[in-house]
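All remarks here apply to the structure that follows.
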Amino acid sequence: MKIDGHCHCGEIAFEAEVDPNALTICHCRHAFCGNCGTPIYACAVDNPQVYALRVGTITQRAAFKPQRQGWRRSALAWVNALAAVPASEKGWS
Ligand SMILES: [Zn+2]
């Protein structure tokens, strides 16, 4: 599936060919846009061969569903109870 996306300010934009069934939840730290701070991707520090894109930056993100999780040992304890946390449909009110 061909996708595209960008950070909040538009300084960084990308296009990629991805497997929708390979979506994972990763709890490691990620690269950020130097202008607006949007997390964009994570990769190996030296000679990266694979880039893990942040789903929130992908225009077609509704087509993806997580298939597995990575770096689970770094996940915060509240991740398991996330569905029970009060939520708003838009904004923080
Ligand atoms: Zn930006």
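The values are calculated or read from the model by the stated rules, or taken from the named source; none is laboratory data. Fair warning: this is a prediction, and the values are worked out from it, not measured in the lab. For neighbour counting, all protein chains shown are included, and Cβ atoms are generated from backbone atoms with ideal geometry for every residue, glycine included. Just the protein is used for accessible areas: all its heavy atoms, side chains included, with ligands, DNA and RNA removed. Shrake-Rupley method; radii C 1.70, N 1.55, O 1.52, S 1.80 Å.
The local environment of M1, defined by Cβ-Cβ distances under 15 Å, has a net charge of -1 under the rule Lys, Arg +1 and Asp, Glu -1.
Ligands, DNA and RNA left out, the accessible area of the chain computed with a 1.4 Å probe is 54% carbon and sulfur. When the chain is described by a simple charge dipole with +1 on each Lys and Arg Cβ and -1 on each Asp and Glu Cβ, the residue from V18, L82, A52 located farthest towards its positive end is L82.
For the pair S93 and H6, a Förster radius of 41 Å applied to the C-beta separation gives a FRET efficiency near 0.95, rounded to the nearest 0.05.
For Y41, the residues 5 or more places off, or on other chains, whose built amide H falls under 5 Å of its own are A31, R54. Within the shell defined by Cβ-Cβ distances under 12 Å, the residues around P20 carry a net charge of +1, with Lys and Arg each +1 and Asp and Glu each -1.
Normalising the Debye intensity of the range 2-74 to I(0), with uniform scatterers on Cα atoms only, and taking log10 at q = 0.24 Å⁻¹ returns -1.26. In order along the range 81-93, the phi-based Karplus estimate (6.51 cos²θ - 1.76 cosθ + 1.60, θ = phi - 60°) of 3J(HN,Hα) comes to 10, 4, 5, 8, 6, x, 9, 10, 6, 8, x, 10, 8 Hz; Gly and Pro are listed as x. Each residue of the range 31-47 is assigned a 3J(HN,Hα), and the resulting list reads 6, 10, 5, x, 8, 10, x, 4, x, 10, 7, 10, 7, 5, 5, 9, 6 Hz, derived from the Karplus form 6.51 cos²θ - 1.76 cosθ + 1.60 (θ = phi - 60°), x at Gly and Pro. The slack in the chain from N21 to Y51, taken as 0.36 nm per residue of separation less the alpha-carbon distance, amounts to 9.2 nm.
Quick one: accessible area per residue over the chain, 1.4 Å probe, rounded to a whole number of Å²?
Solvent-accessible surface per residue comes out at 79 Å².
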